[in-house]
Amino acid sequence: MNYDANGALLTCEIPGIPMINRGKVRDIYDLGDSLLFIASDRLSAFDVVMPEGIPGKGKVLTQISLFWFKLMDWLPNHLITADISSRPELKDYAKDLQGRAMIVKKAKTIPVECIVRGYLVGSGWKDYCRDGVVSGHKLRSGYAQADKLDEPLFTPSSKAEIGEHDEAISFDQVISMIGQDYAEQIRDLSLKVYKTAADYARPKGIIVADTKFEFGVYGGKVILIDEVLTPDSSRFWPADQYKPGSNPPSLDKQFVRDYLETLDWNKTAPGPHLPQEIIEKTAAKYREACKVLTGSDI
Ligand SMILES: Nc1ncnc2c1ncn2[C@@H]1O[C@H](COP(=O)(O)OP(=O)(O)O)[C@@H](O)[C@H]1O
Ligand SMILES: [Mg+2]
């Protein structure tokens, strides 16, 4: 286990258990019948992992995902258990892993990033300004930046290879990649999960502007995998600061992105060092998102 000077967990080393993937944020180990899915405290911005971590961030991501899994118990998902002590081979690491890891079903991943947009910002806003079309949906005229869409949109993108950026694809392309049946299932589930979460979060003062899901196939069925409705996979806006016409601040790594924009950095690895103040403010934002959504601290 590698922690940085602030106590952020950067990488996990578990001798004797094969690691099958180190993503930007997660270290994934093969437990034979299942996967150990660990959220580190690594932070990526512009698809580059920063040298410093954000203490507690991985726990926030895991606790928020667990919260949604529980709330949406009608939704088949990859969680087996978050109780790490249930696996004897992990007992030496239980203290490091508890709260930030889950044991999950080994799914065959569907290579589509299932993005749902309830509000018109980011690349959706850019596309709209260009020709009024967002991922094949012709939208009415008159939207301002960050406006709420009349209906949430499913705007999939392809899951990029390491080092590449994801690319928007049309629903027809999704169908040709994975077939009509799976394509419709992941679209319909994505929209339903987004709407459920947005309706839950709004009275708590959070707008879920957009989010990204991943699905996999397990036992022949489509299940929700990966992290769910976290600050890393979603734009959460404090509702009291929301104003259409400009891009609202979000409850995530906005401080880091804003800071990086002040630097002369070309947005390729290695990432620049983060000042202590940015690390602390970002950690506080993640904790706040966790507290407001789930009602519990990490
Ligand atoms: N249940 C699962 N079975 C197999 N793969 C999964 C499962 N859940 C998530 N994954 C994969 O694990 C990876 C998550 O690690 P992460 O660090 O978030 O990666 P990335 O850099 O691609 O975002 C993703 O590639 C995701 O597709
Ligand atoms: Mg990810």
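Report yes if T81 is of a type in the set (S, T, N, Q) and more than 16 Å from ligand 2 (Cβ to nearest atom), otherwise no. Yes; evaluated as a whole, the condition is true for this residue. Just to be sure, is I186 more than 30 Å from A284 (Cα to Cα) and either within 13 Å of ligand 1 (Cβ to nearest atom) or not in a loop (DSSP other than H, G, I, E, B) (or both)? The answer is yes for I186. For region 26-45, the candidate set comprises residues that are in contact with a helix residue (DSSP H, G or I) (Cβ under 7 Å, 6 or more places away or on another chain) and part of a loop (DSSP other than H, G, I, E, B); within that set, the residue that is farthest from ligand 2 (Cβ to nearest atom) is D41. Within region 164-176, the set of residues being over 17 Å from I225 (Cβ atoms) and either without any contact (Cβ under 8 Å) to a residue 60 or more places away in the chain or surrounded by 11 or more Cβ atoms within 10 Å (Cβ to Cβ) (or both) comprises E164, E167, A168, I169, S170, F171, D172, Q173, I175, S176. Note on region 77-106: residues that are closer than 29 Å to D199 by Cβ and out of contact with any Gly (no Cβ under 9 Å at 6 or more places or on another chain) total 6. Elements of the type strands (runs of 3 or more DSSP E) sitting completely within region 201-244 and holding at least 1 residues that are touching a Lys or Arg at 6+ places or on another chain (Cβ under 6 Å), more than 16 Å from ligand 2 (Cβ to nearest atom) and under 19 Å from S190 (Cα atoms): these cover 206-218.
The C-beta contact set for region 197-223 (first residue farther than 21 Å from Y119 by Cβ and within 13 Å of ligand 1 (Cβ to nearest atom), second residue among the aliphatic types (A, V, I, L, M) and part of a helix (DSSP H, G or I), distance under 6 angstrom, 6+ apart or interchain) comprises F215/I186. In the condition set (1) closer than 27 Å to V193 by Cα; (2) within 16 Å of ligand 1 (Cβ to nearest atom); (3) assigned by TED's automatic domain parsing to the domain that holds R42; (4) not charged (D, E, K, R), W74 is compliant with all but (2).
When K70, K106 are screened for being among the basic types (K, R) and assigned to a helix (DSSP H, G or I), only K70 passes. Residues of region 109-122 that are in a strand (DSSP E or B) and within 22 Å of Y200 (Cβ to Cβ): C114, I115, V116, R117, G118, Y119.
Screening S40 against (1) polar (S, T, N, Q); (2) closer than 27 Å to Y242 by Cα; (3) within 9 Å of ligand 1 (Cβ to nearest atom) leaves a single unmet condition, (2).
Taking Y194, is it touching a Ser or Thr at 6+ places or on another chain (Cβ under 9 Å) and away from ligand 2 (no atom under 16 Å from the Cβ)?
yes
Here's the yes/no breakdown for (1) under 19 Å from the mean Cα position of the chain (by Cα); (2) hydrophobic (A, V, I, L, M, F, W, C):
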| residue | (1), (2) |
| --- | --- |
| I115 | yes, yes |
| L120 | yes, yes |
| S141 | no, no |
| S176 | no, no |
| G179 | no, no |
| K195 | yes, no |
| A201 | yes, yes |
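When P249 is tested against the conditions (1) free of Cβ contacts under 8 Å to residues at least 40 places away in the same chain; (2) assigned to a strand (DSSP E or B), the lone failure is (2).
Looking across V256, V228, one residue alone is over 27 Å from L71 (Cα atoms), touching a residue at least 12 places away in the same chain (Cβ under 8 Å) and not assigned by TED's automatic domain parsing to the domain that holds V49. It is V256. Evaluating D73 against the criteria (1) touching a helix residue (DSSP H, G or I) at 6+ places or on another chain (Cβ under 9 Å); (2) without any contact (Cβ under 8 Å) to a residue 24 or more places away in the chain leaves one unmet condition, (1). In region 142-154, is there at least one residue being within 16 Å of ligand 2 (Cβ to nearest atom), among the acidic types (D, E) and either touching a Leu at 6+ places or on another chain (Cβ under 8 Å) or in a loop (DSSP other than H, G, I, E, B) (or both)? No, every residue in region 142-154 fails to be within 16 Å of ligand 2 (Cβ to nearest atom), among the acidic types (D, E) and either touching a Leu at 6+ places or on another chain (Cβ under 8 Å) or in a loop (DSSP other than H, G, I, E, B) (or both).
The values are calculated or read from the model by the stated rules, or taken from the named source; none is laboratory data. Since this is a predicted model, take the numbers as computed values, not measurements. Counting neighbours? That spans all protein chains shown, and the Cβs are built from the backbone with ideal geometry, glycine included.
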